[in-house]
Amino acid sequence: VRVRLAPARAYVDEKQQGEAVNSNVATTQLEALKSMSVVVADTGKPELVKKFKPQDCTTNPSLCYQAVQDPEYQGFLQQALNSKAAKSSDPARPYAGVADVLSVIIGAEMLKIVPGRVSTEVDAHLSHDAKACYDKAMHLLDMYAARGIEPSRVYIKLASTWAGVEACRRLQREGVDCNMTLLFSFGQAAACADVGAALISPFVGRILDWCAALLCTHLAAPRCNSVLQGSWLTSVLIALSPVGCS
């Protein structure tokens, strides 16, 4: 028996009727990226977060310093200077406490905008003292709690030194998620993954493809629950290059 084939136009029309038209087609590279990955804004300026609508935000003292150079955000610096929590116990670094308070003030503003989390960095001067890193992390979370923000909305950002990794190990065991930064080698990343770091943030713009491949292989191991978050994305090409990696 010979089957009569429907004309091509009829076939196409029938298929189109049975499929919903996708009205969410990305119109920009940023929207396309959001459909495939989690976009995180690395900034200290809330207005940029409002503009680009990322899922999460991450800050560091340099970004906060840059932000308060803008007259729009100088009020944040004044708040930090006036805070009782800004007093430093280290006479050699009298403004270290101000930097901590400023980071939390800006982080709290970010959390009014993003649906996800903010990463707040532990003072890099403490990166070779595991206990000091842990204590500073808890202090930052206490300051967030005073503003009504739960630890579940904060990543503690730590340097990927031996002491930073040990502080991460302790914090993760206690339910505090960490974002490991200042990471330049596979060995550092593997150590962070092995202690259960929630996020591992290699500087994508500063590492070679073979190193990235090794890292992805390690993170794909069944025992590893860490999320790889690209950092130091210095161009659109670098930002798009990891898309599709497992």
If you take the residues of region 65-115 that are small (Gly, Ala, Ser) and in contact with a Pro (Cβ under 8 Å, 6 or more places away or on another chain), which of them is least open to solvent (accessible area, probe 1.4 Å)? Ser103
Matching residues, region 160-170, being open to solvent by 10 Å² or more (accessible area, probe 1.4 Å) and not polar (S, T, N, Q): Trp162, Val165, Glu166, Arg169, Arg170
Residues located in region 154-200, provided they are under 17 Å from the mean Cα position of the chain (by Cα), part of a helix (DSSP H, G or I) and either under 21 Å from Val39 (Cα atoms) or modelled with pLDDT under 95 (or both): Ala189, Cys192, Ala193
Any residue at all in region 60-70 that is within 18 Å of the chain's Cα centre (by Cα) and under 17 Å from Lys136 (Cα atoms)? yes
Conditions (1) under 14 Å from the mean Cα position of the chain (by Cα); (2) on the phi > 0 side of the Ramachandran plot; (3) modelled with pLDDT of 95 or more -> Trp232 fails only (3)
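List the helices (runs of 4 or more DSSP H) that sit entirely inside region 1-98 and contain at least 3 residues that are within 20 Å of Asp123 (Cα to Cα) and at pLDDT 80 or above.
Where helices (runs of 4 or more DSSP H) fall fully within region 1-98 and carry at least 3 residues being within 20 Å of Asp123 (Cα to Cα) and at pLDDT 80 or above, they are 61-67, 74-82.
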Looking at (1) open to solvent by 40 Å² or more (accessible area, probe 1.4 Å); (2) more than 20 Å from Leu140 (Cα to Cα); (3) not hydroxyl-bearing (Ser, Thr, Tyr), which one does Arg173 not meet, given that it meets all the others? (2)
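The values are calculated or read from the model by the stated rules, or taken from the named source; none is laboratory data. This is a predicted model, so every value here is computed, not measured. With ideal geometry, Cβ positions are generated from the backbone for all residues, glycine too; neighbour counts draw on all protein chains shown. For accessibility, only protein heavy atoms count, side chains too; no ligands or nucleic acids. Shrake-Rupley method; radii C 1.70, N 1.55, O 1.52, S 1.80 Å.
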